[in-house]
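Before any comments, here is the structure.
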Amino acid sequence: MRFLPDSHAPSVTVVGFGYVGSCLGVTLAERGLRVTGVDSNRALVDELRDGRCPIPEPGLADAVARLAGSGRFTCTTGYEDAGATDVVVITVGTPVGPDHRIVTDQLEEACKRLATRLRRGQLVVVKSTVPPGTTRELVLPLLERSGLVAGRDFGLAYCPERLAQGSALRQLAELPVVVGGYDPESTAAAVQFWKQALDVPVQTLPGLETAEVVKLASNWWIDVNVALANELAQFCAPHGVDVLDVIAAANALPKGEGRVNILLPSVGVGGSCLTKDPWMAWRAAADRGIALETVETARRVNDAMPTRAGQLIADELAALGKAPAECTVAVLGVAFKSNTGDLRDTPVVGVVDALRATGAAVRLFDPLADPADVEARFGARPVASVEAAVSGVDAIAILAGHQEFHRLDFARLRAEVAMPCLIFDGRMYYPPDTIADLTSLGYRYRGVGR
């Protein structure tokens, strides 16, 4: 195969060793490939070289520790080794600016530096999220500054990143990989690489642009779906209808090749992708005179949820006869989703801000999040335990459904809180029997649309 070795397992350079790059690179190394990670963050590189990983993904730190000294994984700030590997995967960050236009500084720098090392026979795979046309119109010309020609001298493909925080390592071993190549031989090489490297199914698409749109379409759909769930929750609440009952029944309806699939409501959407990718699509469309109104609507609905949740907690406290300004709220879980310590664009910041605006005191606890990062984002040091968080509080707001929180003993905690105490369910989705138990213990329960 022109852009992949036949005589040995391919060696890989992963450019950009943040969340996506580290999960991918470590997984490839654990599967026996020789991997070089490249990142401009010297502190991160030093930690990885020492067998430590600060990125909050379950299982990742343990995997990095296992690879230390194995010879299969190295990390560096330079591109010197990139030309010696068979495959280069680009996973640098692609944020958007104030106008929602992609900021390509990291991608351009990576391509320019890679061009000085690129050699004949290599395969370059772009995984960074980009608007359609970026690989062809930006990445390709920068790489061809090497004097090599894509499709003749080196292969080029786009393969969107589709990992979910909290389950990335498992998904890398299961999820089909989407491949769109610059030309048929690039496509064939990328397909063979992923089959060999991860042993997962591969879905081949007609070209670069189709693959680029897949990532944007996926997160656009998720954001719109969550917005529907959040508005459905608001619709159900004044009627005394449990939104989860509605969703369960609606999702039983066959539709097309599957079923209706309404996702769950929550206190908001966070993370580095769902808050960014729909806007990236919106900007690319607007540049071509197309108005993506569902993006604007979904972003507006989901961005409003943290403030709504904070106000809902305050209203429920008032209904208990407690002035919010005289109350303390324990916030359990400050990450943007359950079972991860990832704080990127966490909607919990907005909930806490809304609570503080009412005068309420807020106490934070998250067993998975780095305390220094929590303090930097929330302006308050988290406490060290559930017990410290709930002591004397008027409300317990569970805003991330971490596994540890499923073991809370509310009967025991009853003696620690200021009864009557509000239990606000932001992401636990307690079943009716649990809600009945809480009520029998004297708690007041409130969820999103419940």
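The values are calculated or read from the model by the stated rules, or taken from the named source; none is laboratory data. Everything quoted here is computed from the prediction, not taken from an experiment. Glycine gets a Cβ as well: all are built from the backbone with ideal geometry, and neighbour counts include every protein chain shown.
List of remarks:
- Residue match in region 342-365 (condition: farther than 28 Å from ALA227 by Cα and crowded, with 23+ Cβ neighbours inside 10 Å): no
- Residues located in region 324-341, provided they are closer than 13 Å to GLY268 by Cβ and either surrounded by fewer than 24 Cβ atoms within 10 Å (Cβ to Cβ) or not small (Gly, Ala, Ser) (or both): VAL334, PHE336, LYS337
- Just so you know, in region 169-192 the residues that are assigned to a loop (DSSP other than H, G, I, E, B) and of a type in the set (D, E, K, R) include one that is nearest to the chain's Cα centre (by Cα), and it is GLU174.
- Residues that are free of Cβ contacts under 8 Å to residues at least 40 places away in the same chain and in contact with a Gly (Cβ under 7 Å, 6 or more places away or on another chain), drawn from region 350-391: ASP366
- All positions within region 254-283 that are among the acidic types (Asp, Glu) and under 17 Å from HIS100 (Cα atoms): ASP277
- Which numbered condition LYS337 misses (of (1) of a type in the set (Lys, Arg); (2) closer than 15 Å to TYR443 by Cα; (3) modelled with pLDDT under 95): (2)
- Among residues of region 165-194 that are under 17 Å from PRO206 (Cβ atoms), those with a beta-carbon under 8 Å from a residue that is acidic (Asp, Glu) at least six positions away or on a different chain give the pairs GLY180/GLU209; GLY180/GLU212.
- If you check SER40, SER7 for being over 15 Å from LEU60 (Cβ atoms), polar (S, T, N, Q) and outside the structural domain of VAL126 (by TED's automatic domain parsing), only one passes: SER7.
- Test: residue in region 413-422 that is within 20 Å of PRO306 (Cα to Cα) and basic (Lys, Arg): no
- For region 206-218, a tally of residues being surrounded by fewer than 23 Cβ atoms within 10 Å (Cβ to Cβ) and in a helix (DSSP H, G or I) returns 6.
- Residue in region 273-285 that is at pLDDT below 95 and touching a helix residue (DSSP H, G or I) at 6+ places or on another chain (Cβ under 7 Å) present: yes
- In region 1-50, the residue that is modelled with the highest pLDDT out of those that are surrounded by fewer than 19 Cβ atoms within 10 Å (Cβ to Cβ) and within 21 Å of the chain's Cα centre (by Cα) is ASN41.
- If the condition is being over 24 Å from THR275 (Cα atoms), among the acidic types (Asp, Glu) and either surrounded by 23 or more Cβ atoms within 10 Å (Cβ to Cβ) or in contact with a helix residue (DSSP H, G or I) (Cβ under 9 Å, 6 or more places away or on another chain) (or both), then region 102-157 contributes GLU144, ASP153.
- Checking THR439 against (1) in contact with a Phe, Trp or Tyr (Cβ under 7 Å, 6 or more places away or on another chain); (2) touching a residue at least 40 places away in the same chain (Cβ under 8 Å); (3) farther than 22 Å from VAL349 by Cα, the condition it does not meet: (2)
- Against the conditions (1) in contact with a helix residue (DSSP H, G or I) (Cβ under 8 Å, 6 or more places away or on another chain); (2) modelled with pLDDT of 95 or more; (3) among the basic types (Lys, Arg), LYS195 satisfies every one except (1).
- In this entry, THR94 passes the filter for residues that are touching a Ser or Thr at 6+ places or on another chain (Cβ under 9 Å), in a loop (DSSP other than H, G, I, E, B) and either at pLDDT below 95 or farther than 21 Å from GLN192 by Cβ (or both).
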